[in-house]
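Colleague: Just passing along the structure, written as structure tokens.
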Amino acid sequence: MRAAAGDRAAQREVLTSQRVWVHRTLFRILGNNRDMEDLLQDTFLEVFRSLHRFRGDSSLGRWCSIIATRVAWAYLDRRRAVTQSLDLVDEPIDDGPDARRALVAREAARRLYAALDKLDPAMRIAFALAVIDDRSIAEVASLTGATKFATKTRVWRARRELFKRAQHDELLAQYLTDLEHRDE
Amino acid sequence: MSDTRDKLPPPPIEPLPDLAWARLERVVLAELDVPETRSVRMPLTRWPLFALAGAALAGAAVLAIVVATRDHGTAAPAPAVATGDGIAGPSRVATGDAPTEVTFGDAHITVAPASALVLDGAADHGVLAVLERGSASFAVAPRRGRPPFMIQAGAAQVRVVGTELEVTRIAPDDAAVAVTEGTVEVTFHGRVTRVTAGEKWTSVPPVTTTTATTATASVEPPQPAHHDKKPDATHTHAAPAGPTDQQRYDAAAALELTDPEAATAAYRDLARGKSAWAANALYAMGRLAHERGDTGRAKLALTSYIHRFPRGANVADARALLLKLEGASR
């Protein structure tokens, strides 16, 4: 591939075409953009340095997502849990139902990621990609290098832990239920 | 079990600003040129994400944030600001009604009215200028082997090797480049085009706004050899009856000094739409409220803007202003 050979235009094209999906993968796992630039840098450097090993047996997007997942995992392993700091909205600009709903959703997301911070990286990543990002178990398994059975177990364990924490948090409980049943 | 209430949506993906993407590309590509030794990797956190957006609060080493505020009747450009070489952090220049001239290393830049430009780097390490909105003219000394002077405008990236040119950001992704001296390379969606002195490049065909039915009759002939369109670009669209969104925006802006309540009402009305000008109007509403000291209204408008238009041209500014308002209210 030209990008692997150092073709600058081809490398730029890879960056441009893959950056949104890589960012999405990292954001879904982490829940915010803190340290995101460093993580994107780590991901894409690894992508380009390993491109010579990419055989085209999966899509380039999948390849990049696998690397992004590994980068996120390593990051979670070494960082301490921090409080989620999504910007909070005091009031909606108007009293419309859409604005209030967005406010509630935002708070629910903040609580969800605060709870995810308490899980180990394996469970967190599996839950974030399978439930929040609605990816298939097979895809999540391939991204994390685990079996489908192990991935299902991680999602199940994460769900159990989260619902346990949600026993005293009605909004979090509602949000978890909505995420699980969003297609119904 | 049936549930009649609306389900809450999954968390939205918060986008990164253009500058962050431009910076990422620059760092990654520069790093790929270096033999793989981790010790020389430049940590991106040297330029924290909010160093630009919240410079005053974060206390980052940001130099010369020049804002030419509305000074009606003053046509002359503001005095040039010299930022020098060896910049410790990024600099942002935002203009109001008057243009501003900036010297950044060995580059002389004129930032047009109603424009915003972020400058990062140094002449001997490579300079990145991100045009957030409006237009700017650049006179850049020949690089003579030094790292290039790069300009990012939307999805277009301009590599300057020693030249004079003007770059205009047209829409979130589109831009136009006019070169008066020297040569530049413009990269747009992976396609590289060399533009030499006397030539112009644009990512969309220039359109003259008319009240006629279709736009094809008013489209100027495409620029030969440098007319680069997005793959799915279309050239026909029905012009709306009555004033355009841009005209409505301009009319509201003209009211800000004399009748700010009327300006706010006009912005609010325009902001109900979904166009780029609706986004601009919502941001302007928040900015105007802040300028008038109405913190509550400013926070509501700016937050609504970020939620409704996460890829809006002023999202970085809106976040910076919100940070400032949140800090002031504590």
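Colleague: Report, in whole Å, the centroid distance computed from the Cα atoms of the stretch B:258-330 and the stretch A:1-36.
Modeller: Going from one Cα centre to the other spans 31 Å.
Colleague: Could you give me D for the stretch A:117-180, from Stokes-Einstein at 10 °C and 1.306 mPa s, where the hydrodynamic radius is the Kirkwood radius over C-alpha pairs? Units µm² s⁻¹, please.
Modeller: On the way: Rh = 11.7 Å.
The calculation lands on 135 µm²/s.
Colleague: A:Thr144 accessible area, nearest 10 Å², 1.4 Å probe?
Modeller: Approximately 30 Å² of A:Thr144 is accessible to the 1.4 Å probe.
Colleague: How high is the FRET efficiency between A:Ala10 and A:Lys152 when r is their beta carbon distance and R₀ equals 51 Å, given to the nearest 0.05? Don't jump to the answer; show the numbers that get you there.
Modeller: Working: r = 38 Å, r/R0 = 0.75.
In this case the efficiency is close to 0.85.
Colleague: Now, a different point. Taking each residue in A:166-179, count the Cβ atoms of any other chain within 10 Å of its Cβ, then average. What number comes out? Intermediate results must be reported in sequence, preceding the final value.
Modeller: Numbers: counts 0, 0, 0, 0, 0, 1, 0, 0, 4, 5, 1, 4, 7, 5.
Mean partner shielding for this stretch: 2.
Colleague: List the residues, sorted by chain then number, that are 5 or more residues from A:Asp117 or on another chain and whose placed amide H is less than 5 Å from its amide H.
Modeller: none
Colleague: Still on this structure: Using a probe radius of 1.4 Å on protein heavy atoms only, what is the accessible area buried between chains A and B, both sides summed, to the nearest 100 Å²?
Modeller: 4400 Å²
Colleague: Run the accessible area of the stretch A:1-77 with a 1.4 Å probe and give the carbon-and-sulfur part as a rounded percent. If you can, show how the numbers build up before the last one.
Modeller: Values: 1490 of 3120 Å².
For the stretch A:1-77, the apolar C and S fraction of the accessible surface comes to 48 percent.
Colleague: Enter the angle in degrees (range 0 to 90, nearest 10) between the Cα long axis of helix A:36-50 and the first principal axis of the Cα atoms of chain A, meaning the one along which they spread out most.
Modeller: Taking Cα atoms only, the helix is inclined about 30 degrees.
Colleague: Under a GNM of chain A (C-alpha, springs under 10 Å), which listed residue has the highest mean-square fluctuation: A:Val22, A:Val155, A:Val14?
Modeller: The residue with the greatest mean-square fluctuation here is A:Val14.
Colleague: Taking N as the number of residues in the stretch A:34-81, what is its Cα Rg relative to 2.2 N^0.38 Å?
Modeller: Values: Rg = 11.7 Å, N = 48, 2.2 N^0.38 = 9.6 Å.
Expressed relative to 2.2 N^0.38 Å, the Cα Rg reads 1.22.
Colleague: Helix A:97-116 against the longest principal axis of chain A: what's the angle in degrees, Cα atoms only, rounded to the nearest 10?
Modeller: Around 70 degrees separate the two axes.
Colleague: Return, for the Cα atoms of chain A, the radius of gyration and Dmax in Å, separated by a comma.
Modeller: For chain A, the Cα-based Rg and Dmax read 18.0, 56 Å.
Colleague: Ok, one more. At 7 Å along the Cα-to-beta-carbon direction for both A:Arg160 and A:Ser50, put a label point, then send me their distance in nm to one decimal.
Modeller: 3.1 nm
Colleague: Which percent of the accessible heavy-atom area of the stretch B:247-330 goes to carbon and sulfur, probe 1.4 angstrom?
Modeller: Details: 2100 of 3950 Å².
Of the solvent-accessible surface of the stretch B:247-330, carbon and sulfur hold 53 percent.
Colleague: Using a 7 Å offset from the Cα along the Cα-to-Cβ direction at both A:Trp21 and B:Asp250, what is the distance between the two label points in nm, to one decimal?
Modeller: Simple spin-label model gives 4.3 nm for this pair.
Colleague: Each residue of the stretch A:24-32 in order: what ³J(HN,Hα) in whole Hz does its phi give by Karplus 6.51 cos²θ - 1.76 cosθ + 1.60, θ = phi - 60°, with x for Gly and Pro?
Modeller: 4, 4, 5, 5, 5, 6, 8, x, 7
Colleague: Also: Need one value for A:35-42: mean number of C-beta atoms belonging to other chains within 10 Å of its residues' C-beta atoms.
Modeller: On the way: counts 4, 6, 12, 7, 1, 8, 10, 3.
Counting other chains' Cβ atoms within 10 Å and averaging over A:35-42 gives 6.
Colleague: Another one. State in Å² the accessible area per residue of the stretch A:105-154; use a 1.4 Å probe, count heavy atoms of protein chains only, and round to the nearest integer. Kindly include the intermediate steps, with their values, before the conclusion.
Modeller: Working: 1710 Å² over 50 residues.
Result: 34 Å² per residue.
Colleague: Binning at 5 Å from 0, report for the stretch B:279-330 what percent of all alpha-carbon pair distances ends up in each bin.
Modeller: Calculated P(r), rounded to whole percents: 5, 27, 36, 22, 9, 1.
Colleague: May I ask for log10 I(q)/I(0) of the stretch A:99-147 at q = 0.18, 0.21, 0.25, 0.26 Å⁻¹, from a Debye sum over the Cα atoms as equal point scatterers with solvent left out?
Modeller: -0.62, -0.75, -0.89, -0.92
The values are calculated or read from the model by the stated rules, or taken from the named source; none is laboratory data. Source: prediction; values computed, not measured. FYI the Cβ positions are ideal-geometry reconstructions off the backbone, even for glycines, and counts take in every protein chain you see. Accessible surface areas use protein heavy atoms only, side chains included; no ligands, DNA or RNA. Shrake-Rupley method; radii C 1.70, N 1.55, O 1.52, S 1.80 Å.
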